[in-house]
Amino acid sequence: MGFKEGFLWGGATSASQCEGSFDLDGKGLSVSDVVSSGSHHSPRRICLDRDPAYAFPSEWGSDCYRRFEEDIELFTEMGFKAYRFSIDWSRIFPHGDDAEPNEAGLDHYERLLSALREHDIEPVVTLSHSEMPLNLVKKYGGWRNKRVIEFYVRYCSAVFFRYRGLVKYWLPFNEVNDMLLPMSAFGQGGIYHDGTESFTEQPDYPNERMNALNNILIASARAVKIGRDINRDFSFGTMICHITQYPRTCCPEDQLLVQMDDLYRNCMCSDVMLRGEYPYYAWTYFRRHGIELELTDKERADLKAGTCDFYTFSYYQSICQTTRAEEFGDQTGGNIMGGVRNPYLELTDWDWPIDPVGLRYTLNKVYDRYRVPVMITENGLGAVDVFEADGSIHDQYRIDYLRRHIEEMRKAVDDGVDLIGYTPWGCIDLVSMSTGEMKKRYGFIYVDADDEGNGTFDRFRKDSFYWYKRVIATNGEDLS
């Protein structure tokens, strides 16, 4: 079996990583606007006062805010059927708690959505992708404060109503389960403690972090319910950072370790968002770790009433885990979390394991668990691309990576998985969330900009641009 007719081939970005123009048209500061540049070996810094000694890449991104029409023309040339992007919350409600939305922000995204529709590209809109208004961090403590639920729902209501005839697919939060790890406390949760500087090594208080995640899940459910009241044709999806895990050995303890960690990290949030309640193993985890969840009967009912319609996830890699880590010295990095080196897999330049077969495994796993349509909303290879004198960019390594993953997607479809779309990450080069670099490039489209924001920001087609165009034109049949 091949991909179904109408399969949503496309690409994905986020506002804070690609838009730039961080202070244009009434936009307020967001959490991403106060995180400095960094590198693979030098962590990004959180600077609430925006210390001028540091560079802040959200200032320039890929200049997509001003060039979106040009970018949509390139997406159209590739044949995109869908474009996943995020609305920057701080463009619509600059302080987060504003009584009325910012008209300039609403107008910008209306023009972007209208342009997509004119080119027959289906928008897949993320409502929160690390773009919480900074004022909500400073004044309310971020998602630790239940009042922020009210502000988020107000924001969602405004965009649902304004774009009710332009958008079908909505994702309330990006990689919502990242909040299960301490490094996401600021970017995802708006949690800041005085004196915190490192973006990756933040002080952690699990009880407050888990209650912040609980508030996020409640906010998602309430937004879904309101969205359906505004337009019954809206369709809402999860967005899970799926870190597929394997036991490093056949030791029974390793099997149990991976089983329990997989349930907690990969399944808990989607269980809540698709089944409407916390699963049994979550309550066991909370009890064992001294976490007291602040969840009222009304909020439990909200979770039940605001479940999602489909499952989306990011997939870049798999990891290995073992109870005997000291026996295996080699560690690997990755998206949010790393693990023990898998000897059967090669690594990217950023030490992320490459595991296409793991994508087929993951697709079967999540479809078997939920039996709802599935969309892959992030997948891709970050690499250093060489810009040749003639303007060409030969990224055969990216083509090879994507080809192998699409082959496994096709096998999963043949297995019976209801896969409805694929939007590889960073379809146009953008700033890396983890390192703040531009040189870690993912796109089919090269952006002439460096890590300091220098360059023309002109766009150039990579070899992968023409390859992906052919893939889309043949609905995934021609991967050569």
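The values are calculated or read from the model by the stated rules, or taken from the named source; none is laboratory data. Source: prediction; values computed, not measured. For neighbour counting, all protein chains shown are included, and Cβ atoms are generated from backbone atoms with ideal geometry for every residue, glycine included.
Overview of results
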read-out	value
Scope segment 315-350; condition touching a strand residue (DSSP E or B) at 6+ places or on another chain (Cβ under 8 Å), farther than 14 Å from Gly382 by Cα and of a type in the set (Gly, Ala, Ser); matching residues	Ser318, Ala325, Gly338, Gly339
Condition check for Ile218: among the β-branched types (Val, Ile, Thr), more than 30 Å from Ser36 (Cα to Cα) and surrounded by 22 or more Cβ atoms within 10 Å (Cβ to Cβ)	yes
Matching residues in segment 339-386 - criterion: being out of contact with any Ser or Thr (no Cβ under 9 Å at 6 or more places or on another chain), under 20 Å from Ser464 (Cβ atoms) and surrounded by 15 or more Cβ atoms within 10 Å (Cβ to Cβ)	Thr348, Pro356, Gly380, Asp385
Of all residues in segment 159-184 being outside any helix (DSSP H, G or I) and closer than 17 Å to Arg209 by Cα, the one that is modelled with the lowest pLDDT	Leu181
Residue in segment 253-272 that is exposed (fewer than 15 other Cβ atoms within 10 Å of the Cβ), in a helix (DSSP H, G or I) and of a type in the set (Asp, Glu) present	yes
Any hit, segment 80-90, residues being of a type in the set (Phe, Trp, Tyr), farther than 22 Å from Trp9 by Cα and assigned to a helix (DSSP H, G or I)	yes
Breaking point among (1) buried (at least 24 other Cβ atoms within 10 Å of the Cβ); (2) within 14 Å of Val447 (Cβ to Cβ), for Ala12	(2)
In segment 29-43, the residues that are buried (at least 24 other Cβ atoms within 10 Å of the Cβ) and not β-branched (Val, Ile, Thr)	Ser30, Ser32
Residue match in segment 125-139 (condition: hydrophobic (A, V, I, L, M, F, W, C), without any contact (Cβ under 8 Å) to a residue 24 or more places away in the chain and either within 30 Å of Val471 (Cβ to Cβ) or part of a loop (DSSP other than H, G, I, E, B) (or both))	no
Cβ-Cβ under 7 Å pairs, at least 6 apart or on other chains, segment 89-103 side more than 12 Å from Leu134 (Cα to Cα), far side polar (S, T, N, Q) and at pLDDT 95 or above	Ile92/Asn102
Count of residues meeting criterion [in contact with an Asp or Glu (Cβ under 7 Å, 6 or more places away or on another chain) and either within 18 Å of Met179 (Cβ to Cβ) or small (Gly, Ala, Ser) (or both)] in segment 215-239	6
Residues being assigned to a loop (DSSP other than H, G, I, E, B) and within 17 Å of the chain's Cα centre (by Cα) - total across segment 6-55	3
Residue among Met210, Met239 that alone is crowded, with 23+ Cβ neighbours inside 10 Å and either of a type in the set (Ser, Thr, Tyr) or closer than 23 Å to Gly142 by Cα (or both)	Met239
Among (1) assigned to a loop (DSSP other than H, G, I, E, B); (2) touching a residue at least 60 places away in the same chain (Cβ under 8 Å); (3) crowded, with 18+ Cβ neighbours inside 10 Å; (4) touching a helix residue (DSSP H, G or I) at 6+ places or on another chain (Cβ under 8 Å) - the single one Tyr278 does not satisfy	(2)
Residues (touching a strand residue (DSSP E or B) at 6+ places or on another chain (Cβ under 6 Å) and either surrounded by fewer than 19 Cβ atoms within 10 Å (Cβ to Cβ) or of a type in the set (Asp, Glu) (or both)) located in segment 115-145	Glu122, Glu131
Leading residue by the ranking (modelled with the lowest pLDDT) among those in segment 413-435 that are in a loop (DSSP other than H, G, I, E, B) and small (Gly, Ala, Ser)	Ser434
Where a residue in segment 176-197 is charged (D, E, K, R) and its partner, wherever it lies, is outside any helix (DSSP H, G or I), with Cβ under 7 Å and at least six apart	Asp178/Gln188; Asp178/Cys241; Asp178/Ile336; Glu197/Arg45; Glu197/Ile46
Residues of segment 197-252 classified as among the hydroxyl-bearing types (Ser, Thr, Tyr), modelled with pLDDT of 95 or more and either in contact with a helix residue (DSSP H, G or I) (Cβ under 7 Å, 6 or more places away or on another chain) or part of a helix (DSSP H, G or I) (or both), total	4
